[in-house]
Structures are given as C-alpha cells and as structure tokens.
1. Name the residue that is farthest from the chain's Cα centre (by Cα), counting only residues in the stretch B:3-32 that are exposed (fewer than 14 other Cβ atoms within 10 Å of the Cβ) and in a helix (DSSP H, G or I).
2. Looking at residue B:53, is it of a type in the set (D, E, K, R) and more than 9 Å from chain A (Cβ to nearest Cβ)?
3. Find all pairs meeting these conditions: Cβ atoms under 7 angstrom apart; at least six residues apart or on different chains; first residue within the stretch B:22-50 and farther than 16 Å from residue B:71 by Cα; second residue of a type in the set (Gly, Ala, Ser).
4. So which of B:156, B:168 is within 14 Å of the chain's Cα centre (by Cα) and among the basic types (Lys, Arg)?
5. Do we have residue B:69 as surrounded by 23 or more Cβ atoms within 10 Å (Cβ to Cβ), of a type in the set (Gly, Ala, Ser), assigned to a helix (DSSP H, G or I) and facing chain A (nearest Cβ under 9 Å) here?
6. Determine, yes or no, whether residue B:39 is outside any strand (DSSP E or B) and within 13 Å of another protein chain (Cβ to nearest Cβ).
7. If I ask for residues that are of a type in the set (S, T, N, Q) and modelled with pLDDT of 95 or more, which ones from the stretch B:1-45 would you list?
8. Which of (1) surrounded by fewer than 20 Cβ atoms within 10 Å (Cβ to Cβ); (2) under 28 Å from residue A:105 (Cβ atoms); (3) touching a residue at least 60 places away in the same chain (Cβ under 8 Å) does residue A:56 not meet, given it meets every other one?
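The values are calculated or read from the model by the stated rules, or taken from the named source; none is laboratory data. Just so it is clear, the model here is predicted, and its values are computed rather than measured. Don't worry about glycine lacking a Cβ; one is built from the backbone with ideal geometry, like all the others, and counts go over all protein chains shown.
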2 protein chains.
Amino acid sequence: MDALKGRILREGRVRPGNILKVDSFLNHQIDVAFLQEIGEEFHRIFSGRPITKILTIESSGIAVACMTAQSFGVPVVFAKKAQTKNLDGSLYRSIVRSYTYGKIYDVVLSRRFLGPEDHVLIVDDFLANGCAAEGLIDIIGQAGASLEGVGIVIEKGFQEGGKMLREKGVNLHSLAIIESMTDNTVVFREE
Amino acid sequence: MDALKGRILREGRVRPGNILKVDSFLNHQIDVAFLQEIGEEFHRIFSGRPITKILTIESSGIAVACMTAQSFGVPVVFAKKAQTKNLDGSLYRSIVRSYTYGKIYDVVLSRRFLGPEDHVLIVDDFLANGCAAEGLIDIIGQAGASLEGVGIVIEKGFQEGGKMLREKGVNLHSLAIIESMTDNTVVFREE
C-alpha cells in the first residue's frame, strides 16, 4: 500500500532493538481517516471471504480493527491481556510472549463472542515474531471458528512471524513488509 | 440517548461490586455501527467547540474515540498505561487509581501529540470515580491545551466522578446516567 509506505518513510523513527515508531498515525496518535483507508484496503483484499468477525488484541490493534470492521459491516472482538485470574470457564485463554516487554502474559476472550459459526479475520498493527497472531489463532481453534485470514499493517519481514504463518498456510496479507531497517533507512520488500 | 439506554437494558448484566457488563457492544465485542451513532451524538453535543483532538485512555476508550474522531474529522490521541519507566522527559505523566483492579498506575502521553494549540474533547466508555478523567485533565493542563469537554458513554451516577467534574465546571455530557442498579434492574437518571 503506497500511501502507507510513504507515511512510514516520512514519519517513522527507528529505535534500538528493531523498534519502528509510527506513533504519529497508527498506535498513539491515530489518524482515523488514514486508518479508514487501511480498513478499505483490507476489505478489498479479503472481501471474497465470508467474514463475520474482526479479531484483534488490545490495545494497539483496536483502532485498526474498528476501521476494518466498518468496511466489512461486522463486529470487532478484541482479546484482553489478563489482569486477574478468571476460573469460571467462560473464557478462551491462550499465552503470548512479548519480546518488546520481555514477559509472558495470558490473553483471554469471552466464549460468548466467538463460536463455530464464525468466520474470522485477524487484524493487527504489527507482525514481528508472530506470537500475538499465534495466540489469536489458538483461540479461534478453541472456539471451533474458521480463520479466514490475517491482515497486518506493518510486517517486520526480517523477523520470523510472517514466514512461520505463511508456512502454516495462513492467508496472510501485510500492507507494508519491511525487509531491513537502520537508523537512517527503511527498506521495503519488493512485491 | 434512547438507543443506548435500550441496549443497556437488553444486554447489560449487573455484577457484584457495581460492575455493569456491556461487553456485547461496547468494550469487548464492539458494535462499530452503533459506536458510529454514539460518535455522531457526541458531535451534535460538542460541535460548537473548536475541537482539534479526541483524547482517551487505553484500552476500552479507543473504539469510542475513533468513531467520535471520525465525526469531527480530527485525530485521536490515547494515553497509555505505563509498563516501563521512561525518563527521557518526552512524556506527560499522571497517576490514575483503578478501583476495579485495586491499583495505582501511571498514564503517559508523548509530548509530540498535545500542545498549547490543541482544543481537546476527552471521551471514554465509563465514568465512575472519575480518576481516569482527572488524569487526562491533568495531562491537558501540563500540555497547556484547552479542555473543551468530556463525553462519556455510560456514567455511574451513584459514584462521585460526575458530581466532582461538574462542580469543577467541566463541560461533561454523559449519554446515559445510571441512577441505581441491582441484580435485576438498571434505573436511569431523568434528564
């Protein structure tokens, strides 16, 4: 998506530890009109699929998910990072490792909002190691729902998440794939 | 807002500890089309103000903020619950007490995204004790920005947040104010 690559080149800032800050439009300040274009692009890519729910994980996936859901005319469901133990059996639960924050946490989703009748599109702002996507795919499996695709705004192509998901046969589309980045340059993968 | 009150009566579930679960449409599953109506209602209420930014706090305020920002044609900025200490001086920082989770946490916002030129509408899904709103108002003060109003989807009128903000002269509008609730009933404040 050229408009996205342009904004990454103009506004992105590379930080130590393979961090790309795009917080001027994607995940701290949010350019809602631009995210609407991103949602429309995901709709073009995945519109052949019978999608009933957009699934993401708090927090930074929520805005992308809302603007995508608006294009599809379906609800969002977002998985929550568990703060407390809930043992009442009403939740799907998976485990996600965060390399950014160096910890492992539970993600949970109420069983009321995902079931065997659902056809799910996962969306998120970033794909790096793929741990968050794997957790969401695990939850979709627990629900007996169908995974129709994964839509990512920015994929770090030099980390293993994208390769791992594609090798599993996941219908993954990333709007921008970064091949490499240094302090001064961001290089995108040719498509 | 009658459509909102109807959904609270039909779908809300009261839980011990003054918890009202409306997670079927507001803050776990998200009915994006309905949140668009909520955003348009906030626009009707606050459209006389020269608003440049919609401010909220992660996570459950983000969806409401995005749909409200769409009506105003301005960006969202969301404050983050701090996970790590950042001592580089580039952040506004305030402290919020969460009664739900029984803890105190820092909220932070990059100085790049709020300044003296900004006219800010705060939105959130719930108002109870008002601690989150106070933290955001504190950050607006640090930025030298102007607080134009606070838009709340559901106010718990039996807790002190709304009274406290109105006594301070804050331009607060809540789309539904709950006067009282028990296991079986939710009673709204007459307006």
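1. So the residue we want is B:10.
2. It is false that residue B:53 is of a type in the set (D, E, K, R) and more than 9 Å from chain A (Cβ to nearest Cβ).
3. Every condition considered, the pairs that remain are B:22/B:12; B:23/A:110; B:27/B:60; B:28/A:110; B:30/B:63.
4. B:156
5. Judged against the criteria, residue B:69 is a match.
6. yes
7. Residues satisfying the conditions are B:24, B:29, B:36.
8. (1)
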